[in-house]
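Worksheet: the structure to be examined is printed underneath.
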């Protein structure tokens, strides 16, 4: 499998990874043969690249079902709209598909290679949050977490960037450099997310601390509080690794 820029795609190539719309719907399914019309469609959507199979059996297995992924992405999109419009965030609506996600990963404990998907730019935060949750659960399994602990970790990881809903879209969509004031706003999103989570019954303190501390770093160079070492919640340390891994 290799990642190929859209302008370098050729007819006859086979897709190694499903491509989703911002709503979580399938645009082009894994194993589809690339055609000129598909290439034109992907260019029109502004997709930068696609994963292409380089040999037989090179397709990447889905880490969770399409239904679970779609449910989570739709829940995050709805949540984003609720917060930006000043409504009370209904976080509990996302917990059912999250439990499905944990169950699927535990039952189908595949390698991490099946996690990263290809997302449209405007879909990035939603798809990234789902992937961070998947990766975090995989790490939790390796660490011997039980099902309840995995569920708490999954909730925190899914909502780790919830504070981004407090950042104006014109800042998030900027392609030029950020001003000092805009950087300060971005650096405030962990605390904003924590404040939203802690106000919701059914969200544990451990889950909320993932949002608060996922940009802290073990050597103390992170933000918002410059915490270091074991002072950072273990869930947040796991989510930080998952966050960086999915952003690579």
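The values are calculated or read from the model by the stated rules, or taken from the named source; none is laboratory data. All values reported here derive from a predicted model rather than from experimental measurement. As a convention, Cβ positions derive from the backbone with ideal geometry for all residues, glycine included, and neighbour counts pool all protein chains shown.
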Exercise. Would you check if residue 191 is under 20 Å from residue 76 (Cβ atoms) and over 17 Å from the mean Cα position of the chain (by Cα)?
Key: yes
Quiz item: For region 89-102, which residues satisfy the criterion of being in a helix (DSSP H, G or I) and touching a residue at least 40 places away in the same chain (Cβ under 8 Å)?
Solution: 91, 92, 94, 95, 98, 99, 101, 102
Quiz item: Do we have any residue at all in region 37-48 that's in a helix (DSSP H, G or I), within 16 Å of the chain's Cα centre (by Cα) and either assigned by TED's automatic domain parsing to the domain that holds residue 201 or at pLDDT 80 or above (or both)?
Solution: no
Self-check item: Filtered residue count, region 142-177, keeping only those that are in a loop (DSSP other than H, G, I, E, B) and closer than 22 Å to residue 212 by Cβ
Solution: 7
Self-check item: Selection count, region 228-248, where residues are over 13 Å from residue 194 (Cβ atoms), in contact with a helix residue (DSSP H, G or I) (Cβ under 9 Å, 6 or more places away or on another chain) and not in a helix (DSSP H, G or I)
Solution: 1
